[in-house]
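Report on one structure; see the data block that follows.
Laboratory data are not the source of any read-out in this text; all were calculated from the coordinates shown. Since this is a predicted model, take the numbers as computed values, not measurements. FYI the Cβ positions are ideal-geometry reconstructions off the backbone, even for glycines, and counts take in every protein chain you see.
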Amino acid sequence: MRDQISDPAEKPRMPGSMESFLEGFSHPIRRKILALLREKGECTTKRIASEVGISSQTAAYHLRAMKDKEVLCVSRKVKNTEYFIVDDFISERLHRIAQWFDEAPSKQPSDTSAQ
């Protein structure tokens, strides 16, 4: 059963502050984890570690941080704990933000107004 959302129609609780929430995906490894969870859905720490290419300890550290920042929720099953993104709306927005940064030019265009 999922920790934070008991009814699928229920809206998730908002994070304590924007700064805290944004810290939840401030690290490149966290963004890789979020991309994986967006694509695959619920995943265990072991699977996340394997697919992202990090140790289980590193994965657990980042997953715990994202859970504490209320970016992720936990689904506890008989033998496994699986993580998932707290809300589809958040998932979609994070994906669009990541795309925007990936597509942004690495250098600022030169100022041509001083001709």
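Things worth noting here:
- Pair LEU36, ARG64: separation of 7 Å Cα→Cβ label points (nm): 1.7 nm
- Charges were assigned to the Cβ only: +1 to each Lys and Arg, -1 to each Asp and Glu. The resulting dipole of region 18-102 about its Cα centre is roughly 360 debye.
- Across region 18-102, the relative contact order, built from alpha-carbon pairs under 8 Å that are at least six residues apart, equals 31 percent.
- Computed E for ARG93/SER26 - FRET, C-beta separation, R0 22 angstrom, nearest 0.05: 0.90
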